[in-house]
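Below is one structure, written out as structure tokens; comments come after it.
The values are calculated or read from the model by the stated rules, or taken from the named source; none is laboratory data. None of these values were measured; they are calculated from a predicted model. Every residue, glycine as well, gets a Cβ built from its backbone with ideal geometry; the counts of neighbours run over all protein chains shown. Just so you know, the surface numbers come from the protein's heavy atoms only, side chains and all, with ligands and any DNA or RNA stripped out. Shrake-Rupley method; radii C 1.70, N 1.55, O 1.52, S 1.80 Å.
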Amino acid sequence: QVQLVESGGGLVQSGGSLRLSCAADGSIFSIYAMGWYRQAPGKQRELVATMTLGDSTNYADSVKGRFTISRDNAKNTVFLQMNSLKPEDTAVYYCNAERIYTEYGELNESWGQGTQVTVSS
């Protein structure tokens, strides 16, 4: 069993910054890709940013230049530094891990429970 534990959400004014963290807990050897998705009220969940073991990154166009994803592979942790936040960034942010290699075998995917980010205008 692999659990993703998120932290760092909250309320911030427009133009402010927040840093999200997500730690994968379990008997994990490695995780191919970790990243962040978000879901605003009434909208579908969308990709924010992902990062592979090889440090390849993928960002949504709406966050490029403002958000930065990083990983600590030794600790199976992923971070999302969010700067210049806008009200339209308000959403529940979900941590995601893909192709998780554990002592019990490979797990295709795992999701965190989500953390609320609210940006006031």
(message) Being at pLDDT below 95 and either open to solvent by less than 80 Å² (accessible area, probe 1.4 Å) or over 16 Å from residue 110 (Cα atoms) (or both) is the requirement here; does residue 26 meet it?
(response) yes
(request) Name, by its number, the condition in (1) of a type in the set (Gly, Ala, Ser); (2) in contact with a Cys (Cβ under 7 Å, 6 or more places away or on another chain); (3) surrounded by fewer than 14 Cβ atoms within 10 Å (Cβ to Cβ) that does not hold for residue 65. (result) (2)
(request) Check whether at least one residue in segment 46-56 is farther than 19 Å from residue 115 by Cβ and either acidic (Asp, Glu) or touching a Pro at 6+ places or on another chain (Cβ under 9 Å) (or both), and report yes or no. (result) yes
(message) Going through 94, 101 one at a time, which residue ends up being surrounded by fewer than 18 Cβ atoms within 10 Å (Cβ to Cβ), touching a Phe, Trp or Tyr at 6+ places or on another chain (Cβ under 6 Å), in a strand (DSSP E or B) and hydroxyl-bearing (Ser, Thr, Tyr)?
(response) 101
(request) From the list 84, 70, 21, pick out the single residue that is in a loop (DSSP other than H, G, I, E, B) and either among the hydroxyl-bearing types (Ser, Thr, Tyr) or in contact with a Pro (Cβ under 9 Å, 6 or more places away or on another chain) (or both). (result) 84
